[in-house]
Amino acid sequence: MMSGWINLMNTPPTSSEFTIPLRYETDRRSPVRWIWSHTIQQWWLIVIVLLGAFGNAALAAVAPMLTGQAFNTVLQDPSQTQELLRLALLIGGSQVIRGILQFGRNFGSEVMAQRMEKNIRNELYSSLLGKSMTFHSLQPVGDTMARATNDVREVNFLFSPGLNMVIGSFLFLLMPIALAGKYHPSLIIIPLVFLILYVVALTGYLKVLHPITDAVRETFGKLNSRLAEALDGIEIVKASAQEDEEVSRFKTNARRFRDASVRQGDVEARFIPLMLYGIALALGLLHALLLFRQGLLNIGDVVGYFGLLMMLDFPTFASLRAYSQVSSGLAGARRILDLINRETDLDQNAAGYHGSMKGEVEFRDVSFRYSPDDDEGSIQHVSFVLHSGQTVAVVGQTGSGKTTLARLVNRTYDVTGGTVSVDGRNVCDWNLETLRRSISIIEQDIFLFSRTIAENISFGRPGATREEITAAAQAAQADEFINELPEGYETVIGERGVTLSGGQRQRLALARAFLTDPRILILDDSTSAIDSATEDH
């Protein structure tokens, strides 16, 4: 469990089935605000990055200016080795210090990026756990995984190398403007005009790039969603001999992702500042030589000024990658924030009733529909009372709403009409965690985790002793087949329990339910794969 708390700033709280305390508040009104609210928590790293970037740029400007002085020294008196040695030591020392500052900038931005990725993953995962089943039923798992992995990684790259190079390149743009006037005031013109045209070109570039990077992230999500769906249903794909069709569908999605990526590459290839840089060098050198011809500059000044102009190399070439990375990171942040802000239908009701449960259930004129478009509804006007200790069977045709009825008791879904009460209290008035801890639902389609058998049985009670786990397994008629496995209760089963038979999976699910000692036990055709003799036991 993580420490602290995470809330929304200046926005109403979003309802949630479940919350995990995190360390600080975030502003979820826009991707930029959200990223900044995470970033400001690392303020000391921001200071390191800014100091390192400024020092790196300033000392990078020192080298060409000292080189210009060395040229003048040699031209005036080649025998002045003492002065040349002094200049060489100054250049060498300044670049050593520059290397240290550059290391601090890169290290600070990388640490910030990794910490951001960790914190964003925590926030996204806790948000996903808090979403209702309605959300998870409609949201493709593959797309969610793409956002939780690849999009979060893109936010990491937004900081390093993205913003790291953006900050560094911006300061490299300013140095020629700040220092060129040392040689002659008019020499400021070329770097200043370059900066203005650079900003104009970059604004247009980002405007075109923004929707394309969004499309790249979206098509990747769809590609991943289709892949996850095919792998999840691989048994049906093989049984139906539909491999070729699935490959064809996957190729279609892969082609869309490729096309979006190619469009991004096409925009990046037409990055105008690359041309502006060459023009700026040519015009700047021409201007300096004209001043030299007029006797307003010496050779060392021309060399120093041209060296300052060459500092524009870094922002020109680095920004091609940096701003694309920033745009992709913002697109990823937008998709992550879309998931986090997506409305959920249920509230955990942390202040709700926490008392013990007896187990009396009452449905009073209950109606439910999965969507507003469902005119008839899955359940209509159902009323009944189940007393504590009573065993009741609900029978009906397939699709008549038996499973839906069961899911209304523990608020997997909320009713759209009427009320469901437990012990005389509306289930909405219960604390959701207390309500669900006292209710166990075992369905026909059993889900088991890729963990040991003991861990699967004790999932609802992580602190259960081995004796308690064994007793629950014996009650579920599972102890015998468990002991026949190579490592007994420590046997690791495959994902979703695929290494076990249907009957074995159902018995483990029963053991899991028995171990929690629920006040209400709901069996939704949970013995369909178990032989009749074992079922009687």
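Each stretch of four or more DSSP H residues adds -39500 (n - 2.57); spread over every residue of the chain, this sum gives -19500 deg cm²/dmol at 222 nm. Were the residues from D232 through R321 laid out at 0.36 nm apart, the gain over their Cα-Cα distance would be 28.4 nm. Its Cα gyration tensor gives the stretch 174-236 an equivalent ellipsoid, and the semi-axes of that ellipsoid, as √(5λ) in whole Å with the largest first, are 52, 12, 4. In the context of the full set of protein chains, residues of the chain present 52 Å² of accessible surface per residue (probe radius 1.4 Å, heavy atoms only). Tell me, what is the Rg over Rh of the stretch 182-305, with Rh the Kirkwood radius over Cα pairs? Rounded to two decimals, Rg/Rh equals 1.40.
By definition, a body whose alpha carbon gyration tensor gives a ≥ b ≥ c is prolate when a/c is 1.5 or more and a/b is larger than b/c, and the stretch 246-319 fits this prolate description.
Two tests apply to each whole DSSP H helix in the chain, Cα reach of 30 Å or more along its axis and mean Kyte-Doolittle hydropathy of at least 0.0, and the ones passing both are 43-76, 81-130, 189-232, 313-341. A Förster radius of 51 Å, combined with the Cβ-Cβ distance separating R29 from V392, puts the computed FRET efficiency at roughly 0.55. Beta bridges from DSSP with both residues in the chain: antiparallel share about 65 percent, rounded to the nearest 5.
Note on the chain: with neighbouring protein chains present and a 1.4 Å probe, carbon and sulfur make up 59 percent of its accessible heavy-atom surface. Scaled against 2.2 N^0.38 Å for its residue count N, the alpha carbon radius of gyration of the stretch 42-172 is 1.70. Annotation for S240 and R461: the two label points, set 7 Å from Cα along the Cα-Cβ direction, are 4.2 nm apart. The relative contact order of the chain, computed from alpha carbon pairs under 8 Å that lie at least 6 residues apart in sequence, is 16 percent. The stretch between I196 and R255 holds 17.4 nm of extra length on full extension. This uses 0.36 nm per residue minus the Cα-Cα distance. Equivalent ellipsoid of the stretch 392-512: semi-axes from √(5λ) of the C-alpha gyration tensor, largest first, are 31, 17, 12 Å. Take the Cα radius of gyration of the stretch 259-388 and divide it by 2.2 N^0.38 Å, N being the number of residues; the result is 2.46. Take the Cβ-Cβ distance between N426 and Y370 as r, set R0 to 30 Å, and report the resulting FRET efficiency rounded to the nearest 0.05. Rounded to the nearest 0.05, the efficiency is 0.90. Taking N as the residue count of the stretch 76-119, its C-alpha radius of gyration divided by 2.2 N^0.38 Å amounts to 2.04. Measuring nothing but how far apart in sequence close Cα pairs (under 8 Å, 6+ apart) lie, relative to its length, the stretch 209-319 scores a relative contact order of 27 percent.
Sparse packing (at most 12 other Cβ atoms within 10 Å of the Cβ) combined with a DSSP loop state is found for the following GluC sites (Glu not before Pro) in the stretch 424-519: E484, E487.
Here each label is just a point 7 Å from Cα along the line to Cβ, and for R293 and L90 those points are 3.1 nm apart. Binning the C-alpha pair distances of the stretch 19-64 at 5 Å intervals from 0 yields a P(r) profile of 5, 18, 15, 16, 14, 10, 8, 6, 4, 2, 1, 0 %, listed from the shortest bin outward.
Rounded, prolate or oblate: which one fits the stretch 361-437, using the alpha carbon gyration tensor with axes a ≥ b ≥ c (rounded when a/c is under 1.5, else prolate when a/b beats b/c, else oblate)? Cα axes put the stretch 361-437 in the oblate bin. Hydrodynamic analysis of the chain uses the Kirkwood radius over alpha carbon pairs. Inserted into Stokes-Einstein at 25 °C and 0.890 mPa s, it gives a translational diffusion coefficient of 85 µm²/s.
Quick check on the stretch 140-218: take the gyration tensor over C-alpha atoms, sort the square-rooted eigenvalues as a ≥ b ≥ c, and tell me if it's rounded (a/c under 1.5), prolate or oblate. Note, shape of the stretch 140-218 comes out oblate.
The values are calculated or read from the model by the stated rules, or taken from the named source; none is laboratory data. All of these numbers come straight from a predicted model, not from anything done at the bench. Using ideal geometry, Cβ is built from the backbone for each residue, glycine included, and neighbour counts are taken over all protein chains shown. Quick note on the areas: whole protein, heavy atoms, side chains included, nothing else; ligands and nucleic acids left out. Shrake-Rupley method; radii C 1.70, N 1.55, O 1.52, S 1.80 Å.
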